[in-house]
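The values are calculated or read from the model by the stated rules, or taken from the named source; none is laboratory data. Since we're looking at a predicted model, the values are computed, not measured. Note: ideal-geometry Cβ built from the backbone for every residue, glycine included; neighbour counts use all protein chains shown. Accessible surface areas use protein heavy atoms only, side chains included; no ligands, DNA or RNA. Shrake-Rupley method; radii C 1.70, N 1.55, O 1.52, S 1.80 Å.
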Amino acid sequence: DKTASNLTVANTITANIHINGNNATQQVYVTTSGTSSQQIDSFLIASYRAAKYIISMANTSTNSYLVTELLVLHNGGAVQTTEYAMMVSNTIIGSFTTSINATAVSVNVTPTLTTTTVNMQRTLMAA
């Protein structure tokens with residue numbers, strides 16, 4: 001088992017990464033800018049087959065909050081995603097999509113409000 005804390009990558013701050021065997025859990029914080037689609041996470045398809053995300057979003061200027069769960073699964077060429085357990089306070093402030101390329105699966109958010117904070121916990125499951 002390995003644990004690391006307070007890693008900073010661009011506008012993303014990642015904390016509390018825990019690796020247990022071939023699986024990994026981590027907390028990720030992102031502040032979006034604008035309302036276009038933005039990548040909030042990715043993982044290598046050679047290392048991981050599936051991921052589970054618990055995601056919360058907040059826009060405090062409008063008192064709008066969202067929490068949801070995503071399951072993501074790939075077969076090396078296509079990615080499937082299901083979103084469930086969504087709860088919203090005030091208004092829906094974002095939607096989620098996934099995509100895959102030759103090396104990675106990407107998770108994207110399209111915020112409906114500018115300057116939205118995304119807090120997510122992801123669990124990666126080995127291929």
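Some notes on this structure:
- Restricting segment 29-41 to residues that are open to solvent by less than 50 Å² (accessible area, probe 1.4 Å) and under 10 Å from the mean Cα position of the chain (by Cα), the residue that is farthest from THR103 (Cα to Cα) is VAL30.
- Residue that is surrounded by the most Cβ atoms within 10 Å (Cβ to Cβ) [pool: residues in segment 89-127 that are over 16 Å from LEU66 (Cα atoms), over 14 Å from the mean Cα position of the chain (by Cα) and modelled with pLDDT under 95]: MET125
- Residue in segment 61-78 that is least open to solvent (accessible area, probe 1.4 Å), counting only those that are farther than 21 Å from PRO111 by Cβ and of a type in the set (A, V, I, L, M, F, W, C): ALA78
- For segment 75-127, filtering for residues that are touching a residue at least 40 places away in the same chain (Cβ under 8 Å), among the β-branched types (Val, Ile, Thr) and in a loop (DSSP other than H, G, I, E, B) leaves 5.
- Considered as a group, the residues in segment 44-55 that are under 10 Å from the mean Cα position of the chain (by Cα) and open to solvent by less than 40 Å² (accessible area, probe 1.4 Å) include one that is nearest to VAL88 (Cα to Cα), and that residue is ILE55.
- Selection count, segment 54-74, where residues are assigned to a strand (DSSP E or B) and either without any contact (Cβ under 8 Å) to a residue 24 or more places away in the chain or of a type in the set (Val, Ile, Thr) (or both): 7
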